[in-house]
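**Student:** Sending over a structure as structure tokens; questions will come in a sec.
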Amino acid sequence: MLRPGGAADRRFHVVPGREPGELDYAFFDHSVTVPGHYITGISWDFGDGSAPEEGYGMVFHRFPAEGTYRVTLVATDDRGVAGTVTKEVLVQYPAVIREWRLTLGWPAAVTGEVVNRTDRTLDSVVIKAKFYSAEDVRLTEGTAEIVGLEPGEVALFTIKAPEYSARIFYAKVFVDSFTVECPEEPYPPWPYAPDR
């Protein structure tokens, strides 16, 4: 996409990712310039007080807290033409366990609900439960996987621990991992600088 006067088009796409329990986000640069020229510099300002980062194609950034951040991309081409785009990005934990409970007896089990807080489908969400004795000894653990969790969707999960049920006293439950769909066009169609 070209703007009048031969200016470059600067765009980016945001996807949560990498570490559950962290506020990591992947940023995909889609900047393009006029035919016959190429992008020579990309700079990201994530609006959280961290130093600007340089990066072509895709960069990861960890935010310090949930909230809305003004993220700015500056792309410069080989003619020295720079373009800037700023977006407000809502940063939050993508998959969150809303509630859970431990049922003692045989078999001991954890049941609960997980919610997708993003605007993208979470292809897979893995929930882990660690089961402990009254003496704080981890006895066993188990997982449950939710597949295709749509934006805003809530899913139920159950994780059973039959082998140590008589000794289980408490559990810890958390999102162990998740995968998220990525943009269809992760990199721009125009070339970057030849040495990149």
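No lab work stands behind these numbers, since they all come straight from the coordinates. None of these values were measured; they are calculated from a predicted model.
**Student:** In whole angstrom, how far apart do the alpha carbon centroids of the stretch 113-182 and the stretch 19-55 sit?
**Tutor:** 33
**Student:** Let me ask something additional. For Cα extents along the principal axes in Å, which listed value, (i) 55, 37, 24; (ii) 74, 30, 29; (iii) 48, 35, 30, comes from the coordinates shown?
**Tutor:** Here Cα extents along the principal axes in Å agrees with entry (ii).
**Student:** What lysines could a cross-link reach from K172, if we take a straight Cα to Cα line under 18 Å and drop same-chain neighbours fewer than 8 places away?
**Tutor:** Cross-link targets: K128, K130, K160.
**Student:** Using only alpha carbon pairs under 8 Å that are at least six residues apart, calculate the relative contact order of the stretch 93-168 and give it in whole percent.
**Tutor:** On the way: 173 pairs, mean separation 27.7, N = 76.
Relative contact order comes out at 36 percent.
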